[in-house]
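Below: one structure, written as structure tokens.
Read the figures in this text as sums done on the coordinates, not as results from a lab. Bear in mind that the values here come from a model prediction, so they are computed numbers and not experimental data. Cβ coordinates were reconstructed from backbone atoms using ideal geometry, including for glycine residues, and neighbour counts include every protein chain displayed.
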Amino acid sequence: MSESSPLLRQESDGHRSLQDRIVNIFRTTSSQRPASGLDYGDDGLQGTQGLGITTSSEPNARARLLESYHQSDPVCGERRCSHGTFSPRPDGPDGAVRQESSATSSIHFGYNGNADTRAASGHSHGGDDPPGSRPDSDYTSQMKSSLSALSMNEDKKLYLSYYIPFFNWIQQYRWSFLRGDLIAALTVSSIYIPMALSLASNLAHAPPVNGLYSFVIHPFVYAILGSCPLLVVGPEAAGSLLTGAIVKASVPSGHSGEDDLMESAIIIGISTAMTGSMILVAGITRLGFLDNVLSRPFLRGFITAIGFVIFVDQLIPELGLAELAKEAGASHGTTVEKLAFIARNAGSSHGLTAAVALVSFAIIMFFRTLKKWLMPRFPQVIYFPDRFLVVVFSAILAYTLDWEDKGLELLGHTEISSSQLFAFNWPFRLSNMKYIRTAMSKAFIITLLGFFESSIAAKGLGDSKPDGIQGMHMSANREMVALGVANLLGGCFMSLPAFGGYGRSKVNAQTGARTPMSSIFLSIITLICILVLLPYLYYLPKAVLCSMISVVAYTLVEECPHDVIFFLRLRGWNELVLMLLIFTATIFYSLELGMALGIGLSVIILIRHATKPRIQILGKVPGPMPRFENAELQPENVELIEGALIVKIPEPLTFANTGDLKSRLRRLELYGSSRTHPSRPRMRPAEYNKNIIFDVHGVTSIDGSGTQVLYEIVRAYAEQGVRVFFCRLPNSNVFRMFKRSGIVEQCGGLSHFVPHVEEALRLAETEEQTEI
């Protein structure tokens, strides 16, 4: 086009008004104007004169009018919106338009919308100016003042407090927090110390003291490194069940005695250390985003299946059929096989054992329901230690009524010598390699479940209470590191795997905890119990411990009906099928298959969503101002442009989402919609596709594979004689990829890169008339 083009012509310097000439006298020649005599190299302003664009040193009345037009407020009403067609035009990576190619992109195709006038005028717009547009003296002084605001020592303290939060909250600790933290620790310990004994002896098949170790080591380490002040770390039912599965797979069935218990403890330490190592490496490599990968239906289906498996497992000892199950081999079978065993041998149940288990389960469930009902009116009811009292009274009754002689199985001797207390055992020895290979898959599952449970609990609790510690913010990566160090250290002392739990953390917050000191108090209280109370646990009935585990299993299952009803109301058949498949695979086969199936399906769904191109065909909205909207969403409100196909690409282009881009574009050419089935005959005439206009404002980044696919598309259009235009290019990096790949040359040069769709239509019409 010539310099007289009505689309892109600006007023020359000789036609400026008298006012502009007078103003120019008072302007200094040293003012910062990016457009005055800059050399932009290969990507610069070569050939601009042929396009009819002049880079005058001063803005005239027309330039100011265009600047006002380009800087008009977004349709959504926000100053900087991010709503698709009207989203902002980002600058280069350093916050300013880079000189290497910014003049080309801002003048010719106007990314930023108003960059053409800014480059020509050098006018300042307040605080939004990039550093390069300010005088060097001002910019240097501002940098010096900002650097001098914080000394290097202060920076080191901030970093240390961020990565080791203990140094943050210990400086804020006040004596007024002590009472609440101590009461919360006593309440949590009265409920969950008996639970740790149950998890270790009944699910993990380990000495009970190893369950208590998890409440000594892990909460203490997490209080130092954890980023959630009120999260309480301890053993979980799902992790303990999987740990018990590792023990069963590693220790041959039929063996018993003290040597087997020691071997089981070693295997548990290996499992815990492997779990800690995996999550520690994930935290160091910053994989904290993985807590958003697996879907809610996957987690719900698997957790429900685990709850069901635990409940069925506990039915066997609750009915007094444990020895019979070992003889029949049912203890190593699937959940369905265990249910069949219970149905066949229900008549052989031990009456006293079943009665103690049933009564204990009923009492715990009664107080659990009563507390939920009374909590809104009487918050103090949460302090009532119902489970602790059940444990104490059942032990007293077992001792006074001599239940052991009547066939009720008791916990037995739990005390250990001082030399064996907290015995250090490095888990990654060569002699333990056979156990490491066996535990690898299940340790990975424990890591996933534990991290997801901890992440959900931490997000549910929030950062901190208004009257507690301030400045501690939850970070998924730091949570991984804290949990990894805690489990790696706990594995060296043969403790159970431990992660954050929402239930006990909620109890901790509701009973007065304000700081991580409550976790330290919990560790101290559990240590005192190990040193003092272990000999008195001899008469604790195992049926009571099983009933406590059954209550936990019930809590894992009780939320499933709510989710099922919710997805049924939404007609979410995909989510329901996913939940059903995971639940069925876990029940009928194994936990590993259920987890593998769930992860596989979730990743497939994620990849399918990520690789689907989201290109749109745009139509013009009638009105005084030119606007273009998605023609498929509101076809009655937009007008399709005859002779032009306007395609909007609203996302970055990568190797993942460009594989199907050609077929999607072909469907738009044939049918004018991406939703029409390709088996139907052509609905859009070929003459409507003489001009292809790409609105690439959403393509904020593009990789080599995406650039190659786009180049092939543009080249194919050029060979067919179709004119290709690009509008609203978002930044200089994308333009650089276009230029180096040959897209700029294939589509007709820089003149085919314009600021707006309306200008692309005018230019297409002009070229068509010129050809005629």
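Relative to the current alpha-carbon distance between MET262 and GLU592, full extension at 0.36 nm per residue lengthens the span by 116.2 nm.
Suppose R0 equals 45 Å. What FRET efficiency, 1/(1 + (r/R0)^6) with r the Cβ-Cβ distance, do ARG614 and LEU158 give to the nearest 0.05? So, using R0 = 45 Å, E works out to roughly 0.65. The Cα-based radius of gyration of region 464-555, divided by its Kirkwood radius, gives an Rg/Rh of 1.01. Quick one, what does Rg over Rh come out to for region 613-771 if you take C-alpha atoms and the Kirkwood Rh? With Rg and the Kirkwood Rh in hand, the quotient comes to 0.94. Taking 4 °C and 1.567 mPa s as conditions, region 647-724 diffuses translationally at an estimated 97 µm²/s according to Stokes-Einstein applied to its Kirkwood radius (Cα pairs). log₁₀ I(q)/I(0) of region 283-431 at q = 0.10 Å⁻¹, via Debye over equal Cα point scatterers, no solvent, to two decimals? The Cα Debye sum returns log10 ratios of -0.66. P(r) tail, region 279-321: Cα-Cα pairs separated by more than 11 Å, 72% of all pairs. Take the Cβ atoms of THR766 and LEU633, set R0 to 30 Å, and the FRET efficiency comes out at 0.45. Rg and Dmax of region 591-676, based on Cα coordinates, read 17.7, 63 Å.
Under the criterion of Cα pairs below 8 Å and six or more residues apart, the relative contact order for region 613-771 equals 21 percent. Rg/Rh for region 252-360 stands at 1.09; both radii use Cα atoms, and Rh follows the Kirkwood definition. Mind giving me the FRET efficiency for SER679 and LEU580? R0 is 30 Å, r the Cβ-Cβ distance, nearest 0.05 is fine. Plugging the Cβ-Cβ distance into 1/(1 + (r/R0)^6) gives 0.40. Counting only Cβ charges, +1 for Lys and Arg and -1 for Asp and Glu, the dipole size of region 613-771 around its Cα centre is about 460 debye. In plain terms, the C-alpha convex hull of region 552-607 casts an average shadow of 4.3 nm² when viewed from every direction.
Take the convex hull of the alpha carbons in region 318-390; its mean projected area over all directions comes to 6.5 nm².
The convex hull built on the alpha-carbon positions of region 398-530 has an orientation-averaged projected area of 12.4 nm².
Beyond 27 Å in Cα-Cα separation lie the following of the pairs LYS338/LYS506; LYS406/LYS442; LYS662/LYS690: LYS338/LYS506; LYS406/LYS442.
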